[in-house]
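Before any comments, here is the structure.
The values are calculated or read from the model by the stated rules, or taken from the named source; none is laboratory data. Note that the structure is predicted; figures quoted are calculated from it, not measured. A quick note on method: Cβ atoms are made from the backbone with ideal geometry, for glycine too, and the neighbour counts reach across all protein chains shown. Protein only, heavy atoms only, side chains kept; ligands, DNA and RNA dropped before computing areas. Shrake-Rupley method; radii C 1.70, N 1.55, O 1.52, S 1.80 Å.
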Amino acid sequence: MAITLSGDQAIASPPLSARLTTPQVWGIVLLAPYLLVFLAFVVYPVGYGLWLARHPASYVALYHDPIFARAAVNTLIFLLVGINLKMAIALFLSGFFAQQRTWIKWLSVLFILPWAVPSIPTILSVRFMLNPEWGVINQLIFKFTAEDGPNWLNDPSVALAMAIGVHIWKSLPFWTLILMTGRLAISHDLYEAAEVDGASWSQKFRYITWPSMQTLYITCTLLSMIWTLGDFNSVYLLTGGGPADLTHVLATLGIRYLRLDQLSLAMASIVCALPLVLPLVYFMMKRLSR
Amino acid sequence: MKLPTLREVGTEAKLLLIGIPVFIWTMVPIYHMFLFAISPKEDAFSGKLWPDHPTLNNFSIVFHQQHYFLRDFWIQFFNSVVIALSAGALTLMIATAAAFSISRLRVPGGRWVMNLALFTYFIPAAFLAVPMYRTMGNYGLLNNHWSLILAMVTIASPYAIWVLKQASDKLPVELDEAATMDGATTLQLFRLVYVPLMMPSLVAIGTYAILLAWNEYLYAFLLLSRDTEITLPVALGNFLAADDSPWELLMTTGFIYALPPAAIYYAFKRYMVGGLTAGAVKS
């Protein structure tokens, strides 16, 4: 057995006692707390969960549950529409916030708020704004048009769009900040040279900005996919999965089955997301641990 | 004073055309919450953009627990504080020890543990919640603050270890060698050399873990249920169960609950943005 320490040196193994120095014994002692947490709260739960999800009957039941099919479709819509929209806006706004203006600096301080404050009060605030009778949005619509506004959260597709909006509201600042860091790392000389050559705004983006940021953008999109799959709050706090359980995503569906005491269905619905999650995780691990 | 050229005015106008919608988009839900908090009940539902009679009465009702939804406000506030601080402290201890062990002591298998930790970081939190809920039941920890504290430590540690390892890899090896030559033991090295030098990263990570635990809703809602044990976000969620929720009080409580993280974020902004965003995505 050889243990690779940092990739370049491999140590052939004499007996354990001779191999370990005092600092290494301390190393093991100091690492032990995390290992214990990992074993007790990651390995055991995940293993136990997979064991609970072992019956094919659960998957048959899921397959026949229309709520599951709807949740799977909603999850895909959330990922495809929500993330691409969010990342595209973040890419655009990263250019805006990279401008050197005092007022833009101040705006960026406020812009970070949705990310910095907890989701529950702000999402409930949006939920109330969308209330058909007392919500401020329909009150304003009524004031200006003398017509009743739509019942925002009662139509499943509108409600899902609102949940995507809430998700974007909450996580846009974080990704804008990351992409802005990427933009600021691009050498200014490139833009100056391009300007001398008379390059247009879109040419500068196409030939300088995008090539330098492509990798970062793709990594961010994938990481955002993983996190969005786990976003319970945007849907649960805004619509509660309703109306008629038609706005669930996989993250809220698992919890729904759990609340209904259908634990094996809850686990099975999560296992169904694994083919989507595992390749993403593999890619991210490769990128971050190199 | 130099007059701006037409072109400069044009650029500024274009920037404002982006900036104003961004400002409105960002602030509307937050302002709406604040507006409710300072409005008497009848103004809150009127659709006005500023109340006719702004008042702090809602805050007084919340602080004096003068509504049956709020009779445990202070104990729930205190629960949130205790859980966030405990999770922060525990994460910091576990992650600092692990990062020191992996990065400075180069413990055999350290890289493996690092990868396992990263793997945990990428499990979507809502997916781990289901098995974790069941496991906490098996451990007999449900409805016990420890369940939430340990869940938060589990979720915060991987990222904490990863960021701390990146930071500690940057400390020169010579420091450790010099201290060892002077006769420092491993623990002295940890306590007297490593921890002081890592202080900025430790502040960032401690803040991160505290905010994570303070803001957590899903795990808190699954793992705790008694009115005197739940944290503030769960109490806020419980308002929703009622048909006649006092929304102005809900928003006031929400506003109070959102203030500490916002304040902490701005106080530690320098550390947070540097430490956290750089660690989130290595480009």
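Leaving out ligands, DNA and RNA, what percent of the accessible area of chain B is carbon and sulfur, probe 1.4 Å?
C and S fraction of accessible area: 67 percent.
So what is the relative contact order for region A:170-277, in percent, with contacts set as C-alpha pairs under 8 Å and at least six apart?
17
What net charge do the residues around residue B:103 carry, taking every other residue with its C-beta under 14 Å from that of residue B:103, with Lys and Arg at +1 and Asp and Glu at -1?
+3
Which whole number gives the average count of other chain Cβ atoms within 10 Å of the Cβ atoms across peptide B:32-42?
2
Using alpha-carbon positions, what is the distance between the centroids of region B:134-191 and region A:95-117, in Å?
So the separation of the two Cα centres works out to 33 Å.
All other residues with a Cβ under 14 Å from the Cβ of residue A:210 taken together, and with Lys, Arg as +1 and Asp, Glu as -1, what is their net charge?
Net of charged neighbours comes to +3.
Over chain B, what relative contact order in percent results from Cα pairs under 8 Å that are six or more residues apart?
About 28 percent, as a whole number.
Mind checking the mean number of beta-carbon atoms from other chains within 10 Å of the Cβ atoms in B:130-140?
Per-residue shielding by partner chains comes out at 6.
Using the Cα centre of chain A as the reference point, and only Cβ charges (+1 on K/R, -1 on D/E), how large is the resulting charge dipole? Debye, rounded to the nearest 20.
I would put it at about 520 debye.
Give me log10 I(q)/I(0) at q = 0.07, 0.17 Å⁻¹ for chain A, Debye formula, one equal scatterer per alpha-carbon, no solvent.
Once normalised to I(0) and log-transformed, intensities are -0.42, -1.34.
Over chain A, what is the relative contact order in whole percent, taking alpha-carbon pairs under 8 Å and six or more residues apart?
Reported as a whole number, the value is 26 percent.
Please report the orientation-averaged projected area of region A:226-272, defined via the convex hull of its C-alpha atoms, in nm².
Averaging across all directions leaves 3.2 nm² for the Cα convex hull.
Over the whole of A:217-229, what's the average partner chain Cβ count within 10 Å per residue? Rounded to a whole number, please.
Whole-number average of other-chain Cβ neighbours for A:217-229 is 2.
Packing-wise, with mean Cβ within 10 Å as the measure, how do B:76-88, B:208-220 rank, highest first?
Peptide ranking by packing, descending: B:208-220, B:76-88.
Rounded, prolate or oblate: which fits the protein assembly as shown when a ≥ b ≥ c are the square roots of the eigenvalues of the alpha-carbon gyration tensor, with rounded for a/c under 1.5 and prolate only if a/b beats b/c?
oblate
Give me the base-10 log of I(q)/I(0) for region B:2-84 at each q in 0.14, 0.17, 0.26 Å⁻¹, Debye formula, one uniform scatterer per Cα, rounded to two decimals.
Debye curve over Cα of region B:2-84, log10 I(q)/I(0) at q = 0.14, 0.17, 0.26 Å⁻¹: -0.71, -0.85, -1.13.
I need the shape label for region A:118-242. Rule: rounded when a/c is under 1.5, else prolate if a/b > b/c, else oblate, with a, b, c from the alpha carbon gyration tensor.
Because a/c hits 1.5 or more and a/b exceeds b/c, region A:118-242 counts as prolate.
Name the residue from B:166, B:195, B:114 whose Cα lies farthest towards the positive end of the charge dipole of region B:65-215, charges +1 on Cβ of Lys and Arg and -1 on Cβ of Asp and Glu.
B:114
How compact and how long is region A:128-195, expressed as Rg and Dmax of its alpha-carbon atoms in Å?
Calculated on Cα positions, Rg and Dmax stand at 20.3, 57 Å.
With a 1.4 Å probe and all protein chains kept in place, how do A:104, A:77 rank by accessible area, largest first?
Highest to lowest solvent-accessible surface, that is A:77, A:104.
Residue-wise, which Karplus ³J(HN,Hα) couplings in Hz belong to region B:19-32, taking 6.51 cos²θ - 1.76 cosθ + 1.60, θ = phi - 60°, and x for glycine or proline?
Per-residue couplings from phi come out as x, 5, x, 4, 4, 5, 3, 5, 8, 4, x, 6, 5, 4 Hz.
With just the Cα atoms defining each centre, how far is region A:180-199 from region A:242-290? Give it in Å.
Between the Cα centre of region A:180-199 and that of region A:242-290, the gap is 42 Å.
Is region A:176-290 rounded, prolate or oblate when judged by the Cα gyration tensor, a ≥ b ≥ c being the square roots of its eigenvalues, rounded requiring a/c under 1.5 and prolate requiring a/b larger than b/c?
Since a/c reaches 1.5 and a/b is larger than b/c, the shape of region A:176-290 is classed as prolate.
How many percent of all Cα-Cα pairs in chain B sit more than 36 Å apart?
Roughly 34 percent, once rounded to a whole number.
Cross-chain or 8 or more residues apart, Cα under 19 Å: how many lysine pairs in the protein assembly as shown fit that? Count them up, please.
Eligible lysine pairs with Cα atoms under 19 Å apart amount to 10.
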